[in-house]
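First up is the structure itself, then whatever we jot down about it.
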Amino acid sequence: MQTTTAPATVTTLPAMSYGQLLEQVRYHGAYPTRERAEEVVFTVLAALGRRVTGEERVELAARLPREAAQIFAAQIPATDSMTGWAFVRDLATRTGGTLATTRWDAGSVLGVVARIAGPDLLDRILARLPSGYAILFGRAELTQAA
């Protein structure tokens, strides 16, 4: 008896829906409404889309829910290097928020994105970004002693 196997799927389906992503961000960020959580998701994913490049960008977009992936992938990656702190400052300037609130917003969204990405992809994303992003994704940033 001959057995055949189905070909491997090229497209990765997201582990959660966009609604679930919004609810997780709403819960972790303690936002009063789903609409507020959606605003934060939009601004943070758009900002992240301007920073992540290469194969990691494609893989992360494939793992995000479709609506989130569209926000992320619609951005043209910037050519300048921006530390995590500069990322927060830039986002605060764009949104008119305070640095503290913007840092909270970034962490609320990127913590959920980190879980969607998984540890291997997140390691690769962080390796390509300048210093200061790991904490935004809910990780300690380890530095080598001089």
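Read the figures in this text as sums done on the coordinates, not as results from a lab. These figures come from a predicted structure and were not determined experimentally. Positions of Cβ are generated from backbone atoms using ideal geometry, with glycine treated the same way; all protein chains shown enter the neighbour counts.
The table below gives the values:
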| item | result |
| --- | --- |
| Sites matching GluC sites (Glu not before Pro) across region 55-146 that sit in DSSP coil, with at most 15 neighbouring C-beta atoms within 10 Å | Glu141 |
| Net charge dipole size for region 19-136 [Lys, Arg +1 and Asp, Glu -1 on Cβ; Debye, nearest 20] | 120 |
| Signed unit charges on C-beta, dipole axis of the chain, positive-most listed residue Ala47, Trp104, Leu129 | Trp104 |
| Principal axis dimensions, the chain - Cα atoms, whole angstrom, descending | 67, 46, 27 |
| Shape of region 30-96, Cα gyration tensor, a/c cut at 1.5 | oblate |
| Extended-chain gain in nm, criterion 0.36 nm per residue less alpha-carbon gap, His28 and Ala62 | 9.9 nm |
| Computed lengthening from Leu99 to Ala74, 0.36 nm per intervening residue step minus Cα-Cα distance | 6.5 nm |
| Principal-axis tilt of helix 84-95 within the chain, Cα atoms, nearest 10 degrees | 80 |
| Theoretical FRET efficiency, 1/(1+(r/R0)^6), r = Cβ-Cβ of Ala46 and Ala140, R0 22 Å, to 0.05 | 0.25 |
| Ala127-Glu35 pseudo-label distance in nm [points 7 Å out on the Cα-to-Cβ vector] | 4.4 |
